[in-house]
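**Student:** Before anything else, here's the structure in question.
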Amino acid sequence: MPTPSSSPARPQRRPQPQPQPSRSRRPAPAPEPPGTARRRRRPKWAMRAVTTLSVVVLASAGIGHALVTSVDKGVIERVDPFKDMKNRPAPGHGMNLLLVGTDERDKLSWEDKAKYRLGGAPCHCTDTIMIVHISQDRKRASVVSLPRDSYAEMPAHFDETTGMKHHSHPVKINAAYAEGGPQLTVRTVEHMTHLKIDHYLEVDFTSFMKTVDALGGVQICTTKPLRDSHTGLDLSPGTHTLEGGEALQYVRSRYIDAASDLSRMQRQQRFLAAVIAKATSTDVLLNPVKFRDVSEAVLGSVRADKGFGANEMLALGHAMRSFSPKSSEFTTVPINGYEQLKGIGSTLKWDTAKSEKIFEALREDKPLTAPRAKPRATVVDVAPQQIRVQVENGTGLAGLGRRVDSALRSAGFLTTKEPVNAKHRTVKRTIVTYDPRWDRSARSLATALPGSELRPVKGQGSLLKVIAGTDFKQVKPVRVEEEEVQPDKISTVTGDQVVCP
């Protein structure tokens with residue numbers, strides 16, 4: 001669905017209200033007849049990372065030892081994805097966890113499936129695959145998403161369903177689970193990335209919803225409407241606290257724009273960053289009841305390899321006591337085109353050179369993002385390059401108008417370059433006056449001027465006015481969300497760049 005753009009050169013016909021924290025609207029549930037087979041569907045990669053990173057972080061509080069040690073008492077269902085594997089890649093530094101989610105859905109009630117539009121037959125394959133690399137010093141988590149439609153060369157194997165032997169053949173990467181379960185999935189990923197996988201984790205939809213609810217909901221921000229008729233997602237611009245089912249709609253939606261699954265992965269990254277921010281807050285870490293609820297929700301349906309037990313969880317948790325959204329980084333494997341395969345459909349071809357740079361960084365335990373010299377910019381609705389501004393000095397401080405004009409221009413705003421003195425020179429709090437038809441532009445400008453006051457003035461026109469007060473200190477960098485996903489480029493962000501300000 002195309003998203004409306006906003007520009008100060010053209011009036012906005014319908015003024016939009018100031019974004020306020022709210023609950024997303026729930027779509028009317030589609031009827032589903034009683035007796036529908038209950039199938040389990042496992043979640044998208046955001047939820048799987050919730051279960052892993054949240055638990056290891058929460059364990060650092062030292063108040064959930066009994067819960068975490070119960071991992072070794074059969075709470076977690078075990079799988080053996082490394083059985084009889086040979087000729088594996090050499091181990092690197094740090095820890096690589098492969099997190100997958102299948103599309104099984106038998107644990108969900110028909111009421112929930114109808115409410116959150118989870119109908120349809122499963123393909124018994126992985127919806128999404130991702131690698132979480134925990135650095136050797138346990139101070140950084142690098143998350144790399146592997147698109148489910150990625151072109152892959154399936155290693156020779158025995159089909160788990162038919163028992164037939166298959167030679168190496170091209171497929172979509174998400175088909176590895178259907179043909180050979182966790183073991184073939186691990187083999188395929190190792191073959192494509194040349195990374196040795198240390199642990200395997202798999203979780204379902206139910207755990208995702210319960211975990212988000214146990215956290216008290218997760219806050220998500222958007223500067224544009226997000227609507228998907230397939231999942232029922234319907235979010236207006238602003239800040240929303242999503243509960244379990246609503247959060248599931250958010251991470252599943254892939255029909256919001258033309259970028260489909262690629263833009264969905266970006267939203268999943270935002271969601272995971274928000275979960276990490278919530279899970280590492282003192283409200284969770286120092287609340288034994290909430291810690292217990294989150295831990296029980298997570299551990300109830302995790303499937304993991306036999307080597308990932310309580311000792312590993314506790315060691316990670318204690319080492320990551322200072323973990324925060326800034327400690328996490330997210331990227332997606334760069335794509336270099338599409339290939340149509342007979343009987344398989346359209347597949348995504350990885351950019352070999354750029355992808356190898358990512359996997360090499362993981363092998364060498366290096367961060368994917370370079371240190372940022374500039375402060376991170378806050379996401380706003382309208383780009384500063386589209387906003388025209390007249391600056392007035394509302395104080396007796398000589399040169400303040402020129403200083404504000406210069407700072408706004410450096411931040412990208414289209415100032416007149418001719419600041420003037422205001423009629424009244426006793427302004428303490430900086431004021432932004434604007435025509436209500438340009439309210440989105442005004443909010444974007446006010447975001448760049450922390451603490452400023454918004455004042456609508458009918459008939460003022462497209463030129464916004466800033467009356468600088470004695471409280472002015474600086475202009476905060478702002479930017480708009482990426483308008484288009486560019487699959488051929490390496491785009492890596494840290495968690496603190498995408499959480500709500």
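The values are calculated or read from the model by the stated rules, or taken from the named source; none is laboratory data. Everything numeric here is computed off the predicted structure, so don't read it as measured data. Here Cβ is always computed from backbone atoms with ideal geometry, including for glycine, and neighbour counts include all displayed protein chains. The protein model used for the area step is the full one, side chains on, heavy atoms only, and it has no ligands, DNA or RNA in it. Shrake-Rupley method; radii C 1.70, N 1.55, O 1.52, S 1.80 Å.
**Student:** Please find, within region 56-108, the residue that is modelled with the lowest pLDDT out of those that are among the hydroxyl-bearing types (Ser, Thr, Tyr) and over 27 Å from the mean Cα position of the chain (by Cα). If you could, list the steps in order and put the result at the bottom.
**Tutor:** First, pick out the residues of region 56-108 that are among the hydroxyl-bearing types (Ser, Thr, Tyr): 60, 69-70, 102.
With over 27 Å from the mean Cα position of the chain (by Cα) added as a condition, the list becomes 69-70.
Working: Thr69: 57, Ser70: 54.
Here the residue is Ser70.
**Student:** Given the criteria open to solvent by 30 Å² or more (accessible area, probe 1.4 Å), at pLDDT below 85 and in a loop (DSSP other than H, G, I, E, B), does Gly163 qualify?
**Tutor:** On the way: open to solvent by 30 Å² or more (accessible area, probe 1.4 Å): yes; at pLDDT below 85: yes; in a loop (DSSP other than H, G, I, E, B): yes.
Taking the combined requirement at face value, the residue satisfies it.
**Student:** Restricting to region 456-475, give me the number of residues that are open to solvent by 60 Å² or more (accessible area, probe 1.4 Å), part of a loop (DSSP other than H, G, I, E, B) and under 16 Å from Lys417 (Cα atoms).
**Tutor:** Matching residues across region 456-475 total 0.
**Student:** Would you please name the residue that is surrounded by the most Cβ atoms within 10 Å (Cβ to Cβ), looking only at residues in region 228-246 that are touching a helix residue (DSSP H, G or I) at 6+ places or on another chain (Cβ under 7 Å) and at pLDDT below 90? Working first, answer last.
**Tutor:** From region 228-246, those touching a helix residue (DSSP H, G or I) at 6+ places or on another chain (Cβ under 7 Å) are 231-233, 242-245; that's our starting set.
The next check asks that each one be at pLDDT below 90; those that pass are 231, 244-245.
On the way: Thr231: 20, Gly244: 23, Gly245: 20.
Only one residue fits best here, namely Gly244.
Let's see how each residue does on (1) modelled with pLDDT under 90; (2) farther than 30 Å from Leu408 by Cα:
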site: Ile344; (1), (2): yes, yes
site: Leu348; (1), (2): no, yes
site: Ala353; (1), (2): no, yes
site: Lys357; (1), (2): no, yes
site: Asp365; (1), (2): no, yes
site: Ala373; (1), (2): yes, no
site: Val380; (1), (2): yes, no
site: Pro384; (1), (2): no, no
site: Arg388; (1), (2): no, no
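**Student:** Any idea which residue in region 247-284 is modelled with the highest pLDDT, counting only those that are touching a Gly at 6+ places or on another chain (Cβ under 9 Å) and of a type in the set (A, V, I, L, M, F, W, C)?
**Tutor:** Ala247
**Student:** Shifting gears a bit: Out of all the residues in region 204-227, which are within 29 Å of Cys125 (Cα to Cα) and either among the basic types (Lys, Arg) or surrounded by fewer than 21 Cβ atoms within 10 Å (Cβ to Cβ) (or both)?
**Tutor:** Listed by number, the residues that qualify are Lys210, Asp213, Gly217, Arg227.
Conditions (1) of a type in the set (Lys, Arg); (2) over 17 Å from Pro477 (Cβ atoms); (3) without any contact (Cβ under 8 Å) to a residue 40 or more places away in the chain; (4) in a strand (DSSP E or B), marked per residue:
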site	(1), (2), (3), (4)
Thr331	no, yes, no, yes
Asn336	no, yes, no, yes
Thr347	no, yes, no, yes
Pro367	no, yes, no, no
Ala370	no, yes, yes, no
Arg409	yes, no, yes, no
